[in-house]
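Have a look at the structure below before the remarks.
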Amino acid sequence: MKRWTRLWRADRRAGQPSSASADRFEPRPDTSGEPAGPGAARATVVVLALAAIAWLLAQHGRGNDGADEAVTALGRVEVTAKLIECPAEFPDLGAYRYTYVVKYEVVKIHRQDPAGNYVLSVGDRICVGHYKPRLPRYRIQDADWGNKPLGGKLAQIVQGDVHRMALDYELANLAPSGALDYCSPRELHRFFAVWTNPVSSHNGAR
């Protein structure tokens with residue numbers, strides 16, 4: 001009898017599935033409808049950041065061509081030019097509010113002289129008088145000049161820089177207190193700077 005009882009119990013144990021086998025048949029939750037995890041969110045942030053950096057670099061590469069409402073309207077001639085000759089430091093003459101004449105090389109012509117008296121070409125050398133050259137351009141207008149616009153956004157006149165300028169003539173008549181003119185040769189065209197803005201990346205030459 002005992003022998004048959006042991007056989008029956010062994011048969012029952014053999015017929016029961018193991019816990020490992022039972023696990024294989026348990027249903028698993030459906031995760032297909034769940035939102036994307038943190039990895040996908042990070043990837044989206046990285047893509048957006050790279051796009052923003054690319055846009056900023058493109059804007060920086062375009063530079064500043066110096067254009068504004070004043071420089072494009074004032075004077076009778078408008079050019080972008082590179083300053084090739086000027087003192088490292090302009091003389092301090094006390095109360096004498098002088099105009100100092102420096103030499104430029106024309107990079108781009110935006111407006112030719114409408115009267116045709118001073119026709120310019122790219123590469124020409126010109127002499128330009130700057131009123132109160134020791135000061136930022138936005139601080140130079142005074143009672144001697146009058147109420148007409150005079151100035152610009154340029155903070156300092158430095159050799160090698162590129163400027164966009166609204167120019168007028170005749171220099172000798174426009175300089176409020178006379179000009180210090182050492183620009184040579186004498187046959188170069190001479191202008192008075194009515195408005196001067198800085199140009200970055202030589203963008204005005206494009």
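The values are calculated or read from the model by the stated rules, or taken from the named source; none is laboratory data. As the structure is a prediction and not an experimental result, all values here were calculated from the model. Positions of Cβ are backbone-derived with ideal geometry, glycine not excepted, and every protein chain shown enters the neighbour counts.
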>> Being part of a loop (DSSP other than H, G, I, E, B) and of a type in the set (Asp, Glu) is the filter here; which residues of region 76-105 pass it?
In response: 89, 92
> Could you list, in sequence order, the residues of region 170-198 that are within 25 Å of residue 65 (Cα to Cα), out of contact with any Ser or Thr (no Cβ under 8 Å at 6 or more places or on another chain) and either basic (Lys, Arg) or assigned to a strand (DSSP E or B) (or both)?
Replying inline: 190, 191, 193, 194, 195, 196, 197, 198
> Which residues, counting only those in region 128-154, are in a loop (DSSP other than H, G, I, E, B) and among the aromatic types (Phe, Trp, Tyr)?
Replying inline: 145
> Is one or more of the residues making up region 184-202 among the polar types (S, T, N, Q), in contact with a helix residue (DSSP H, G or I) (Cβ under 6 Å, 6 or more places away or on another chain) and surrounded by 15 or more Cβ atoms within 10 Å (Cβ to Cβ)?
Replying inline: yes
>> Here is a check on your reading of the model: is residue 167 within 31 Å of the chain's Cα centre (by Cα), in a loop (DSSP other than H, G, I, E, B) and hydrophobic (A, V, I, L, M, F, W, C)?
In response: no
> Does residue 157 qualify as being closer than 22 Å to residue 180 by Cα, aliphatic (A, V, I, L, M) and at pLDDT 95 or above?
Replying inline: yes
